[in-house]
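A quick write-up on the structure given underneath.
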Amino acid sequence: MRLVVVTPHFAPDTAPTGEIVTRIVEELALRGHEIEVITALPWYREHRIEPGYTGKLTRREDTPWGRIIRVHPFPTSDKRDILRRAAAYGGFSMLAGAVGLRGGKVDAVLAMSPPLTLGVDGWAIAKARGGSFVFNIQDVYPDVAVELGVLTNRSVIAVAHALERFCYRRADAVTVLSDDLKENLALKVGAEKLHVIPNFVDTGSIRPAERENAYRREFGLEGKTVVMYAGNVGLSQSLDLMLEAAVALSYEPDLVFVINGQGAARPELERKAGGMSNVVFVDPQPLERLPDVLAAADIHLVPLKRGLAAASVPSKTYSILAAGRPLIASVDAGSEITRLIERSGAGLSVPPEDGEALTKAIRRLLDAPDMLASMGASGRTFVEGWASPAAVAEAYEKLFLSLEP
């Protein structure tokens, strides 16, 4: 098949979505498909276009499996500035759509959201080039932004919902990451269009490894018990809870809380944590170092603000399981993440935005080292039999084939 993939990020960009899409494309290429990727110039790491990619609005790269077309993302670093972000998304999407309309016939177009505007691109490219349109939803927008209180203007929300309906109605299929998200979107989309295809976890490169590694040595964590959050330090995560737990458990001399990542919420967290000796902030690490980062923790945290677990499934959850480490999820009861923890036996779940509950869960695991080990092993066993890059690519391939006239 000839495929077009429209995505906000692609390697060497370091955003989680980019890492996922890059591997899916690679796996589809191994299955013999010709692929055209339309994406942004790399910018995510520093929220500005990376050296070597500046100076042009668009760049084209030929690959053994097809072509990558990169366009200017008009990057902005302040996620709270909705108007500027909307303008950036609009500019990027207009460029991406313009380059995507040109070209020969294709069999299918896969467009990623967020941003929702790429759904319009996906539909337009599919219509112009004679293929089916598959819309992949990583996070349900504008629901997430409204729930966070980032999007409050009723007129803007109405426009966003109208754009959402436009994309869903014109998609031949909509893919989501979990049954939770499928239930969330069923009334908006119609169950017949919805397909659950999870984000994969690379169980080959991410596997259980020794805790005392180069990452611990570099950041002064040798011999410590490490409770870690690794990922985007953004508005969706209730990372204040980590600081509450750090205060409550400060009597433990060897316990350290590590926040590994960058994002809009980090400056305020660093200000609040000023002077706390048991809290360590680490900048985002290169992708090839992810196995070391995950292995360095004794306990991983997945905290989401109330109401968000039904609209977002952090991909880091699967990576934690693959690394053989237990996790504590501070999320809504009955969500996909809590069900995943129950099915895998890989950790504990507590109510969202409840610092006391999180602290008690951490204390419970610290007091039961055998439980830590067994939960980690259970998570690894579960994920090995559940998701792999090849399986996810095959699911997309089957979906594309099913949509052919």
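The values are calculated or read from the model by the stated rules, or taken from the named source; none is laboratory data. What you see is a predicted model, and the numbers here were worked out from it, not measured in a lab. Positions of Cβ are generated from backbone atoms using ideal geometry, with glycine treated the same way; all protein chains shown enter the neighbour counts.
Identify all residues within region 193-246 that are among the β-branched types (V, I, T) and more than 18 Å from I362 (Cα to Cα); write none if there are none. Of everything in region 193-246, those that are among the β-branched types (V, I, T) and more than 18 Å from I362 (Cα to Cα) turn out to be V196, I197, V201, T203, I206, V233. You will find that of M242, M276, the residue that is modelled with pLDDT of 95 or more and either surrounded by 22 or more Cβ atoms within 10 Å (Cβ to Cβ) or part of a helix (DSSP H, G or I) (or both) is M242 and no other.
When L95, L3 are checked against the criterion of being part of a strand (DSSP E or B) and in contact with a His (Cβ under 7 Å, 6 or more places away or on another chain), a single residue qualifies: L3.
Criterion applied to A111, A126 was being part of a helix (DSSP H, G or I) and under 26 Å from the mean Cα position of the chain (by Cα), and the one residue passing it is A126. Annotation note: of I337, I341, I320, the sole residue that is in contact with a His (Cβ under 6 Å, 6 or more places away or on another chain) and either among the small types (G, A, S) or over 23 Å from S250 (Cβ atoms) (or both) is I320. Scanning region 6-39 for residues that are assigned to a strand (DSSP E or B), surrounded by 21 or more Cβ atoms within 10 Å (Cβ to Cβ) and either in contact (Cβ under 8 Å) with a residue 60 or more places away in the chain or out of contact with any helix residue (DSSP H, G or I) (no Cβ under 9 Å at 6 or more places or on another chain) (or both) yields V6, E36, I38. Screening R325, R306 for residues that are in contact (Cβ under 8 Å) with a residue 12 or more places away in the chain, surrounded by fewer than 24 Cβ atoms within 10 Å (Cβ to Cβ) and at negative phi leaves exactly one candidate, R306. Restricting P284, P291 to residues that are touching a Lys or Arg at 6+ places or on another chain (Cβ under 8 Å), in the same structural domain as E356 (by TED's automatic domain parsing), crowded, with 16+ Cβ neighbours inside 10 Å and part of a helix (DSSP H, G or I) narrows the list to P291. Within the option set L57, L83, being surrounded by fewer than 18 Cβ atoms within 10 Å (Cβ to Cβ) and in contact with a His (Cβ under 6 Å, 6 or more places away or on another chain) holds for one residue only, L57.
A residue that is among the hydroxyl-bearing types (S, T, Y) and crowded, with 17+ Cβ neighbours inside 10 Å cannot be found anywhere in region 144-167. Here T317 meets each of (1) assigned to a helix (DSSP H, G or I); (2) touching a Ser or Thr at 6+ places or on another chain (Cβ under 7 Å); (3) β-branched (V, I, T) with one exception, condition (2).
Provide a single number: the residues in region 381-396 that are under 14 Å from G345 (Cα atoms) and touching a Pro at 6+ places or on another chain (Cβ under 6 Å). So the answer is 0. Highlighted here are the strands (runs of 3 or more DSSP E) found entirely within region 129-238 that include at least 3 residues which are not assigned by TED's automatic domain parsing to the domain that holds R363: 132-137, 173-176, 194-196. Just give me the residues in region 340-353 being more than 13 Å from V302 (Cα to Cα) and at pLDDT 95 or above, in sequence order. Within region 340-353, just G345 meets the criteria.
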